[in-house]
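Engineer: Shown below is the structure under consideration.
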Amino acid sequence: MHKLFFKKKFDQHFLKDHNIAKKIVNHLSFKNYNTVVEVGPGLGILTQYLLINPCNHIFLIEIDEELISFLKKNFSISKNRIIHRDFLKWNPEEMKLKNFAIIGNFPYNISSQILFHILKYNQYIPECIGMFQKEVAKRITSHKGKKTYGILSVLVQTFYDVKYLFTVKEKVFFPTPNVQSAVISLKRKNETVYCNKNMLFQCVKVAFNQRRKKLKNSLQLFNHISNFNRIPFLDKRAEELSVKEFLQLTKEIEIRK
Ligand code: SAH
């Protein structure tokens, strides 16, 4: 059956192992939300465990039309909650969704974009449990001073507390991917993060694009702002700055604009 559905262009790797599916769903806390949006449900292995959990509303967002028909036929979820859409073009505001968790065994070819999309709507998303390729999961959960520390680590950890949950071997998928996978959790920070998101994104990206340079050189883009030289951390390199320090740096640049 999996063979019938498999489409390479959508980076489909269907999970076969029900224990792992159960384990992923069980990591949802169901705290302070009653809606879960599943991204890329595929043949619904996670969906079936979502359905036996205590959330009131489940929405599925799947790009593959053939899988949409399969899901509508096989799952007792109202048809207008099985949405045929590219997640990257999905806007929760259109559906008036204001507080929901995200779950998914994500398509790996767009994992960074998925994360950026979640960050765009973070005010509505208190929690996310997701499977990524292991290398990306490591980058998201990395800390300063590590080789894997970079743009994804800083941007995701500014808004979410992240946790590497467990590694998943290639052989539990069909077709078998070339890389190992890992499940991570994102829980939105309790305190509200006040910062200009655009500025933060720009600053982190520019800094890590030349990660070995001192910030005063890599951030030359911001040279025109007043008192540039008095901004803290300029003698450090991107990889030496903690998530909090990046936030502070962004605020310092912002107030001098
Ligand atoms: N969750 C399923 C399938 C994982 S494979 C399982 O664990 O078995 C990734 C899934 O994401 C596929 O169903 C694929 O069709 C879907 N997908 C790929 N790109 C997508 C996109 N841009 N938006 C929504 N779904 C997408």
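The values are calculated or read from the model by the stated rules, or taken from the named source; none is laboratory data. Here the structure is a predicted model, which means the values were calculated and not measured. Positions of Cβ are backbone-derived with ideal geometry, glycine not excepted, and every protein chain shown enters the neighbour counts.
Engineer: Would you tally the residues in the stretch 63-80 being closer than 17 Å to Leu51 by Cβ and surrounded by fewer than 16 Cβ atoms within 10 Å (Cβ to Cβ)?
Structural biologist: Adding up the residues that qualify gives 7.
Engineer: Test of understanding: among Leu71, Leu60, Leu43, Leu28, which residue is more than 8 Å from the ligand (Cβ to nearest atom), at pLDDT 95 or above and part of a loop (DSSP other than H, G, I, E, B)?
Structural biologist: None of the other options fit; the residue is Leu28.
Engineer: Collect the residues in the stretch 199-221 that are surrounded by fewer than 16 Cβ atoms within 10 Å (Cβ to Cβ) and either assigned by TED's automatic domain parsing to the domain that holds Leu152 or among the aliphatic types (A, V, I, L, M) (or both), keeping them in residue-number order.
Structural biologist: Result: Leu221, single match.
Engineer: Right, something else. What are the residues in the stretch 128-159 that are among the hydroxyl-bearing types (Ser, Thr, Tyr) and either under 20 Å from Ala101 (Cβ atoms) or in the same structural domain as Cys203 (by TED's automatic domain parsing) (or both), if any?
Structural biologist: Across the stretch 128-159, the qualifying residues are Thr141, Thr158.
Engineer: Within the stretch 200-222, can one find any residue that is of a type in the set (S, T, N, Q) and under 30 Å from Tyr124 (Cβ atoms)?
Structural biologist: There is at least one residue in the stretch 200-222 that is of a type in the set (S, T, N, Q) and under 30 Å from Tyr124 (Cβ atoms).
Engineer: A further question follows. I need the full set of residues from the stretch 247-257 which are surrounded by 15 or more Cβ atoms within 10 Å (Cβ to Cβ) and in contact with a Ser or Thr (Cβ under 7 Å, 6 or more places away or on another chain), in order please.
Structural biologist: Leu247
Each row is one residue, and each column tells you yes or no for (1) surrounded by fewer than 15 Cβ atoms within 10 Å (Cβ to Cβ); (2) over 22 Å from Gln133 (Cβ atoms).
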| position | (1), (2) |
| --- | --- |
| Lys8 | yes, no |
| Lys23 | no, no |
| His27 | no, no |
| Gln48 | no, yes |
| Ile61 | no, no |
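Engineer: Something else about it: Quick one: in the stretch 99-142, which of the residues that are in a loop (DSSP other than H, G, I, E, B) and away from the ligand (no atom under 14 Å from the Cβ) is surrounded by the fewest Cβ atoms within 10 Å (Cβ to Cβ)?
Structural biologist: Once the filter is applied, the top-ranked residue is Asn99.
Engineer: Would you say Phe10 is within 10 Å of the ligand (Cβ to nearest atom) and out of contact with any helix residue (DSSP H, G or I) (no Cβ under 6 Å at 6 or more places or on another chain)?
Structural biologist: Here the answer is yes, as Phe10 does meet what is asked.
Engineer: Would you tally the residues in the stretch 46-57 being more than 10 Å from the ligand (Cβ to nearest atom) and either part of a helix (DSSP H, G or I) or of a type in the set (Asp, Glu) (or both)?
Structural biologist: Final tally of qualifying residues: 3.
Engineer: Output the residues belonging to the stretch 207-247 that are closer than 19 Å to Lys197 by Cβ and either assigned to a helix (DSSP H, G or I) or among the polar types (S, T, N, Q) (or both).
Structural biologist: If the condition is that a residue be closer than 19 Å to Lys197 by Cβ and either assigned to a helix (DSSP H, G or I) or among the polar types (S, T, N, Q) (or both), then Ala207, Phe208, Asn209, Leu221, Phe222, Ala238, Ser242, Val243, Lys244, Glu245, Phe246, Leu247 are the ones that fit.
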